[in-house]
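Peer 1: Pasting a structure below so you can have a look.
The values are calculated or read from the model by the stated rules, or taken from the named source; none is laboratory data. Here the structure is a predicted model, which means the values were calculated and not measured. In this analysis, Cβ positions are derived from the backbone assuming ideal geometry, glycine residues included, and neighbour counts consider all displayed protein chains. Accessible surface areas use protein heavy atoms only, side chains included; no ligands, DNA or RNA. Shrake-Rupley method; radii C 1.70, N 1.55, O 1.52, S 1.80 Å.
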Amino acid sequence: EYGTSESITHFMDFYYSLQMKYLASDLLYEGLTPQQISDAVLRAIKVGKSSGLDIHQHFKPLFSSIDREIIGDCKLSQLGYGLVLMNAEAKTSAVGNWQLKVLEKYFKADL
C-alpha cells in the first residue's frame, strides 16, 4: 500500500499556506477579544470537520507577534476566515454586519 510521503505532505502544507491570506488575530482590530477569536476558530474548525472540509487547506496554527508579545494565532484561507466570522459572537458590529451581508447575498442569489 502506498502512502503520501512526508515531503509531499510538507509541500502541500506550504502550498495551502500560500493561499491563506488572513490571520485570526486580525479580528482583534475589529473589536473581538482573544478568547472570542479562539472560541470562534474552534467552532469554525468543528463546522469544517463535520462538513467534510479538508481543515489543513483552510486553518494553520502559528505564532504571531503583537505589541512585542508572542501569541498563538491561526492563518486562514478566505473560506476559513468566513467560517470564523460566521461562528464569532455577534457582539461587535463588524461580525454582525458581515453576517448580515452574507445572508443578504445568499437570499438574493436564491431568488
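Peer 1: Just need a number here: residues in segment 35-67 that are in contact with a Leu (Cβ under 7 Å, 6 or more places away or on another chain) and open to solvent by 50 Å² or more (accessible area, probe 1.4 Å).
Peer 2: Number of matching residues: 1.
Peer 1: If only one of 47, 102 is assigned to a helix (DSSP H, G or I) and at pLDDT 95 or above, which one is it?
Peer 2: 47
Peer 1: Based on what the data block shows, is residue 101 surrounded by fewer than 17 Cβ atoms within 10 Å (Cβ to Cβ) and closer than 23 Å to residue 19 by Cβ?
Peer 2: yes
Peer 1: Still on this structure, I have one more. Taking only segment 6-28 into account, find how many residues are closer than 14 Å to residue 84 by Cβ and in a helix (DSSP H, G or I).
Peer 2: Count: 5.
Peer 1: Right, next: Determine which member of the set 32, 23, 28 is surrounded by 14 or more Cβ atoms within 10 Å (Cβ to Cβ) and within 14 Å of residue 62 (Cα to Cα).
Peer 2: 23
Peer 1: On to the next question. I need the full set of residues from segment 68-86 which are of a type in the set (A, V, I, L, M, F, W, C) and open to solvent by less than 40 Å² (accessible area, probe 1.4 Å), in order please.
Peer 2: 74, 76, 83, 84, 85
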